[in-house]
Amino acid sequence: MTTKICIVYHSGYGHTAKQAAAVADGAREVSGTDVSEVPVEDLSEEASPAWEKLDAAEAIVFGCPTYMACPSAGLKQFMEATSGRWMSQQWADKLAAGFTNSGSQNGDKQNTLVDIATFAAQHGMVWINLNLLPGNNSSAGSVDDLNRLGASLGAMAQSNVDEAADVVPPKADLDTARSLGERVAKCAQRWSE
Ligand SMILES: Cc1cc2nc3c(=O)[nH]c(=O)nc-3n(C[C@H](O)[C@H](O)[C@H](O)COP(=O)(O)O)c2cc1C
């Protein structure tokens, strides 16, 4: 059976879109996985056909930049638009995961992941964490390490605010995002057995 995974994301200036693409690439590495990247702009109308993709997916991965220590308004608007589905618990027992990107090393990204995970819990979704040990936390570590920002709940990335999306986020963060996508795809296959 093919498992379907949707990556729903907002990105104001393209940096988080790169992270979303890396999550999608990681999921595509798992054979038997059908991956859709869905920018929130495709979900702006209740009648948008992209909603059907989300409804049919075994797993949905949510991502956005951290703006003012929270999920960006673009993702938040999408979250609020799911309230009808929350009422009927239509997405209960789907898998969920999350990612975020910000300008600062810390930047309060944890708060964004907590918000997204709590949103998924409201929907009765089953949260998949990152499951990578922290990198760059010892004398032998480096900024090139996988999970260099040391997250557990989801994938984090950091993009210098004076650099465009063709330069940042760096490879280590994109590899971390790829790993999350692969993990979600593998979990979705087990979940569908
Ligand atoms: C309105 C706004 C608020 C922001 N707030 C934060 C923040 O709280 N923490 C942080 O580290 N970076 C913050 N940033 C920087 C963005 O997170 C960063 O530039 C990110 O790469 C933007 O991703 P995007 O290109 O996908 O929109 C903010 C940027 C904007 C435009």
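Just to be sure I understand: if I project the alpha-carbon convex hull of the chain onto a plane and average over all orientations, what area do I get in nm²? Please report the intermediate quantities before stating the final value.
On the way: hull surface 41.1 nm².
Approximately 10.3 nm², given one-decimal rounding.
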Subject >> the range 46-146: GluC sites (Glu not before Pro) in DSSP coil with no more than 14 other Cβ atoms inside 10 Å >> reply: Glu46
Original post:
How many percent of DSSP beta bridges within the chain run antiparallel, rounded to 5?
Top reply: 5
Original post:
How big is the accessible area of Met125 in square angstrom, nearest 10, if you roll a 1.4 angstrom probe over the protein chains?
Top reply: 20
Subject >> Proximal lysines to Lys18, defined as alpha-carbon separation beneath 23 angstrom and excluding residues fewer than eight positions away on the same chain >> reply: Lys4, Lys53, Lys76, Lys109, Lys171, Lys186
Original post:
Are there chymotrypsin sites (Phe, Trp or Tyr not before Pro) in the range 1-86 that DSSP marks as loop and that have at most 12 other Cβ atoms within 10 Å, and which are they?
Top reply: Tyr13
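Which whole-number percent gives the relative contact order of the range 1-159, counting Cα pairs below 8 Å spaced six or more residues apart? Don't skip to the end; give the middle numbers.
Values: 302 pairs, mean separation 33.2, N = 159.
Computed over the range 1-159, the figure is 21 percent.
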Subject >> Within straight-line cross-link reach of Lys94, aspartates and glutamates at Cα separation under 20 Å, skipping those fewer than 8 residues along the same chain >> reply: Asp34, Glu37, Glu52, Asp55, Glu58, Glu80, Asp115, Glu182, Glu193
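Based on the alpha-carbon gyration tensor of the range 86-193 and its eigenvalue square roots a ≥ b ≥ c, which shape applies: rounded if a/c is under 1.5, prolate if not and a/b is larger than b/c, or oblate?
On the way: a/c = 2.26, a/b = 1.70, b/c = 1.33.
Note, shape of the range 86-193 comes out prolate.
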**OP:** As a check on your grasp of the helix formula, calculate [θ] at 222 nm for the chain: sum -39500 (n - 2.57) over DSSP H runs of n ≥ 4, divide by the residue count, round to the nearest 500.
**Re:** -11000 deg cm²/dmol
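The values are calculated or read from the model by the stated rules, or taken from the named source; none is laboratory data. Being a predicted model, the structure only gives us computed values, none of them experimental. Ideal geometry is used to build each Cβ from the backbone, glycine not excepted, and the neighbour counts take in all protein chains shown. Just so you know, the surface numbers come from the protein's heavy atoms only, side chains and all, with ligands and any DNA or RNA stripped out. Shrake-Rupley method; radii C 1.70, N 1.55, O 1.52, S 1.80 Å.
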